[in-house]
1. Using a 1.4 angstrom probe on the protein heavy atoms only, line up 68, 384 by accessible area, largest first.
2. Could you calculate the contour length gain from residue 322 to residue 42, that is, 0.36 nm times the residue separation minus the distance between their Cα atoms, to one decimal place in nm?
3. Please compute the net charge surrounding residue 334, taking Lys and Arg as +1 and Asp and Glu as -1 over other residues with Cβ under 12 Å from its Cβ.
4. What translational diffusion coefficient, to the nearest whole µm²/s, does the range 104-205 have by Stokes-Einstein, given a Kirkwood radius computed over alpha-carbon pairs, a temperature of 20 °C and 1.002 mPa s viscosity?
5. Calculate what fraction, in whole %, of the accessible area of the chain sits on carbon and sulfur atoms when a 1.4 Å probe is rolled over the protein chains.
6. Between residue 293 and residue 352, what FRET efficiency comes out of the Förster formula 1/(1 + (r/R0)^6) with R0 = 41 Å and r the beta carbon distance, rounded to 0.05?
7. Scattering from the C-alpha atoms of the range 201-271 alone, worked out with Debye: what is log10 I(q)/I(0) at q = 0.11 1/Å?
8. Scan the range 323-367 for GluC sites (Glu not before Pro) in coil per DSSP, keeping those whose Cβ has at most 11 other Cβ atoms within 10 Å, and list them by number.
Amino acid sequence: MIIKPKGTMDITLEDAKIWKYVEDVIDSVMEKYNYNYIRTPIFESTELFHRGIGNTTDIVSKETYDFLDRGNRKLTLRPEGTAGVVRSYIENKMYGTCSLPVKVYYNGTMYRYERPQLGRYRELSQYGVEVLGSSDPMVDAEIISLALNINKMLGLKGNKAHINSLGDQESRDHYREALKKYFEPHLDDLCEDCKARFDKNPLRILDCKVDHDKEYFKKAPSILDYLNEESKKHFDKVCEYLDLLEVDYVIDDRIVRGLDYYNHTVFEINADIPSFGSANTLGGGGRYDTLVSQLGGPDTPCVGYAVGLDRLVMALKEEKIALPIKKDVDIFILYVNEDEKKNAIYLANELRMAGFVVETEYTNRSLKGQFKRADSFDSKYLILLNSEELKDGLITIKNNKTKQSDQVLLEYIIYYFEEHIGITDNDGEVETDYEEDK
């Protein structure tokens with residue numbers, strides 16, 4: 001038997017309905033915020049990620065799926081979404097053909113060769129947003145609020161943003177030297193990865209998962225003490241706008257994020273999921289004002305974030321949040337003989353095109369078996385086709401809840417269901433698209 005590769009998963013049945021619901025909520029919210037959907041290739045030139053993400057990151061140095069295609073080109077399965085969006089922004093000259101800022105969002109699979117663990121897979125799914133062309137700290141605050149609002153709409157509690165500032169290049173350079181000076185006496189005690197980071201990118205030492213509980217790590221210098229005036233002003237404005245938006249946030253000076261392209265605002269999105277323990281970060285992001293120019297485009301300030309859909313869906317399931325997912329069908333059509341079957345095919349198509357959720361029989365079950373099948377779908381109404389009634393243009397419709405039956409002329413079937421199947425409002429009354437003549 002062939003099985004799925006390690007670190008991947010199938011999304012099926014009820015889980016698939018949860019995923020689809022979450023994706024629909026994301027699409028709906030993005031429409032309200034006027035973000036446009038963007039889709040980039042699953043694989044890109046390897047150089048894109050090495051230049052964009054940075055060779056000192058764990059993603060590039062350890063986790064990318066790199067391969068040569070049949071034309072001997074070096075390609076990589078995308079490990080994250082931002083670099084591809086930036087490449088598309090440059091290649092399609094959006095900076096010249098679109099009104100800035102360009103606001104986009106994506107939803108897709110990423111690939112990282114890492115050890116599978118809770119909510120982390122080798123094939124992972126993320127949704128993310130990118131705003132290209134604005135340096136306004138208001139945008140930083142807005143996208144943090146956007147991420148938290150989506151979590152709230154899905155029913156997650158304890159939503160909180162952990163925010164920090166990495167400052168501009170001048171601030172980072174000063175902080176870099178301070179970190180090197182601080183960690184130098186502890187160099188022999190650092191893990192092998194951090195020893196390599198010491199010269200290449202000492203900020204990444206703070207992101208270490210091996211040594212982070214050691215006492216000297218807790219006393220490391222804070223980036224906030226090395227921000228210049230311009231960087232402080234930007235960060236203060238972000239906090240001011242977050243306060244205006246009533247966002248629940250904390251300043252966490254240990255957040256550096258795992259990608260080299262970040263500057264100024266960085267943040268993580270958390271929710272209160274007791275079963276996750278300390279691993280309750282659902283996503284994160286920040287500002288990356290130099291990435292577009294690094295990849296050959298014009299100077300373009302940018303900010304964005306990504307959330308792991310795997311962890312987000314897992315959080316909803318762990319919290320047993322009741323999502324308004326439609327599980328029943330409106331109508332189930334039953335038949336016995338070939339003539340009735342032909343009518344079932346025709347009616348199912350007509351009713352589906354009119355907007356109803358319709359099921360029928362596909363495996364030649366007995367009539368008794370079809371009734372059980374209809375109950376398994378929690379069908380609201382049944383259509384019981386009978387050859388003799390069909391000759392007179394009639395069908396029998398049964399309310400599967402009240403068990404009341406009506407005979408209806410075939411030509412009026414859509415009007416019947418428009419009247420009887422609708423959306424129940426808060427008062428328990430049924431709203432339909434059908435209004436009786438007055």
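1. 68, 384
2. On the way: separation 280, 0.36 × 280 = 100.80 nm, distance 3.29 nm.
The residue 322-residue 42 span can extend by a further 97.5 nm.
3. +2
4. 123
5. Ligands and nucleic acids excluded, carbon and sulfur reach 49 percent.
6. Working: r = 51 Å, r/R0 = 1.25.
It comes out at approximately 0.20.
7. The computed values of log10 I(q)/I(0) come out as -0.32.
8. In loop regions of the range 323-367 (DSSP not H, G, I, E or B), there are no sparsely surrounded GluC sites (Glu not before Pro).
The values are calculated or read from the model by the stated rules, or taken from the named source; none is laboratory data. Remember, it's a predicted structure, so these values are computed and weren't measured experimentally. Please note: Cβ atoms are built from the backbone with ideal geometry, for glycine as well, and neighbour counts cover all protein chains shown. Only protein heavy atoms, including side chains, enter the accessible area calculation; ligands, DNA and RNA are left aside. Shrake-Rupley method; radii C 1.70, N 1.55, O 1.52, S 1.80 Å.
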